[in-house]
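The values are calculated or read from the model by the stated rules, or taken from the named source; none is laboratory data. Model, not experiment: these values are computed from the prediction. Glycine gets a Cβ as well: all are built from the backbone with ideal geometry, and neighbour counts include every protein chain shown.
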Amino acid sequence: MRRILAGLVAILSLSLITAQLSEAAVTPGTKCSKAGATSTYNGKKYTCIKSGTKLLWDKGVPVAKPAPVATPSASPTATPIPSPSPLPTITPTPTVTPKFLFADPCEFDPKTPAEWIAFDKWFRDSGNNCVGPFRVETTELTSEKPISKIELSAQTISACKLPQNYAKGATLGFPVTSDRLKPFLENRHPGPNTVYQIVPIYTNDAPDKGTNPQTDYKPYFDFLKEWTNNASDNGSNVEFRVPEKYIEFPENISGFNLMHDKKIEDADRFKVSLRKYVDSKINFSGANLVIILLPPGSKGGIIQQTGLNMFETDEGRFLATTFPPLTITSFFPGGNFLHPMWWLHELQHIGNGFDDNNLIDENGLHQWGVISRFAATDLIGWHKWLAGFWADNQIICLNKEQTSTAWIIPSQVKNSERKLIVIPLDSKRAIVVESMRSVGLNFKMPLNSQGALVYLIDTNLTSFHDGIRLILPSNRKTSSITPVSKATDVVIFKHIDAPLKLQDYVIFEGLKITVIESGDFGDVIKVEKA
């Protein structure tokens, strides 16, 4: 029996030594060769997973250490040695499903809420190359902290509030005079405390179906509430005011030609009639944004998303827009405006006055942010600061003349810690650094989109669809992707891997900006003279 026990101990010891010798270095996110293969390294078990078309090592899970097996001592008597107890059963740590399973932000989300599944299929079948998210993945800030020493050469926040250049129609900077401050604050919606007044109407050519507007469009209201609550780090109180019934509008809505590229005179005619039939039936006091909707199932394309600018009522003037009726029985022009991300996109134009992205220049912002061609990702940090979702104390305003080491948390994590580095170059330009992770409204971002996104705010660029440019990595080339779900050569995300990874850097205007530490906590950025 002693020989059996000794042999068992020898075998276990040899197995442990062999396992230690067989460990190979594994780095999460690097290539592996066979899906489902595992490797143990430094106390973690890593699994080879498929991410889009690539095989990559996942983040790994801790591996429990087996209890040591004691060597039996010699017995002084002839008492028989009892049979050894069974070796302890080690329950393997369950494999954690990796967060980063999406190859691009347009892929189908298996967790799409049930109320959006039919719409998702219709939207894809209608020929849309990119389908943005239908939900927000709320994530807490990790308790892990960076170990780098944080040293800031900061300056007052006013130095980073680039003044708006009023030669540009869209909002890119902050108001420069006190008389412009009031309208700036009143009109920056959607914001943390936006009050939406819904105006549901039925017309001769879009008849009432006896349904409840609140129920009909509830998924949109819930989506906007969820997004607002997650984006507002310092509290929010978003509200939707919805009448119980559709209000009669005794004219043909199609006669007003409410298309996306509207004619001003058509929109003005509609607003006159809208006030005539609706104003007495709704109290608009306290509203910030007015949305006009038709009964679901009305003729597709009978109206599109149409910005109406200011709508005059007895209670005052309010920003207003239409959206197409929720009709998914057939394809119609402007159907993309039915996606909730497109509601979010267009509302940024109507209220906050943000411009579409530059899609022409190589260093344009392209698909980064909701103000993009496919509206597949969240607002960028500069826009969130302008819109009031982030407070001034969440911005690190650095002096370009001095070296700094700064830590910013992921911009999509709901937390009031610092989220944005701003480095003013002069009175009209600033470098911005933002930590991107696959969380929040950006949960569909692939692994290679994580990192520190660096971009330039340039208020000198007053032309249409311009003013924000990417600052691309200096030490490597970036890549672009096309949809994985369709055989097409349409680029849906240019510079998808633009964010700086660990030890990546940019050199711009005599400054070197480097990621010196990176993790779930965000990114630690060193700013120094090149």
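Of the strands (runs of 3 or more DSSP E) lying entirely inside the range 287-375, those containing at least 1 residues that are at negative phi and of a type in the set (Asp, Glu) are 306-313.
PHE223 - would you say it is aromatic (Phe, Trp, Tyr) and in a helix (DSSP H, G or I)? So PHE223 passes the test.
Among the listed residues ASN460, ASN415, ASN442, identify the single one that is modelled with pLDDT of 95 or more, part of a loop (DSSP other than H, G, I, E, B) and buried (at least 19 other Cβ atoms within 10 Å of the Cβ). Can you show your working first?
Details: ASN460 fails: buried (at least 19 other Cβ atoms within 10 Å of the Cβ); ASN415 fails: buried (at least 19 other Cβ atoms within 10 Å of the Cβ).
Answer to the check: ASN442.
Could we say that GLU248 is within 19 Å of ASN212 (Cα to Cα) and free of Cβ contacts under 8 Å to residues at least 60 places away in the same chain here? Yes, satisfied. Residues in the range 196-220 that are part of a helix (DSSP H, G or I) and surrounded by fewer than 20 Cβ atoms within 10 Å (Cβ to Cβ): GLN214, THR215, LYS218, PRO219.
Whenever a residue of the range 380-406 is farther than 10 Å from ILE421 by Cα and surrounded by 19 or more Cβ atoms within 10 Å (Cβ to Cβ), its partners that are hydroxyl-bearing (Ser, Thr, Tyr) and modelled with pLDDT under 95, lying with C-beta atoms within less than 8 angstrom and at least six residues away or across chains, give the pairs SER404/SER153.
Checking ALA498, ALA452, ALA406 one by one, the residue that is of a type in the set (A, V, I, L, M, F, W, C), closer than 24 Å to LEU141 by Cα and assigned to a loop (DSSP other than H, G, I, E, B) is ALA498 and no other.
Taken over the range 260-283, the criterion of being buried (at least 16 other Cβ atoms within 10 Å of the Cβ) and under 24 Å from PRO340 (Cα atoms) is satisfied by HIS260, LYS262, ALA267. Taking LYS168 as the residue in question, decide whether it is closer than 20 Å to ASN352 by Cα and surrounded by 14 or more Cβ atoms within 10 Å (Cβ to Cβ). For LYS168, the condition - closer than 20 Å to ASN352 by Cα and surrounded by 14 or more Cβ atoms within 10 Å (Cβ to Cβ) - is met.
Summed over the range 319-373, the residues that are touching a helix residue (DSSP H, G or I) at 6+ places or on another chain (Cβ under 6 Å) and charged (D, E, K, R) give a count of 0.
Check whether at least one residue in the range 360-376 is touching a Lys or Arg at 6+ places or on another chain (Cβ under 6 Å) and surrounded by fewer than 19 Cβ atoms within 10 Å (Cβ to Cβ), and report yes or no. Within the range 360-376, one or more residues are touching a Lys or Arg at 6+ places or on another chain (Cβ under 6 Å) and surrounded by fewer than 19 Cβ atoms within 10 Å (Cβ to Cβ).
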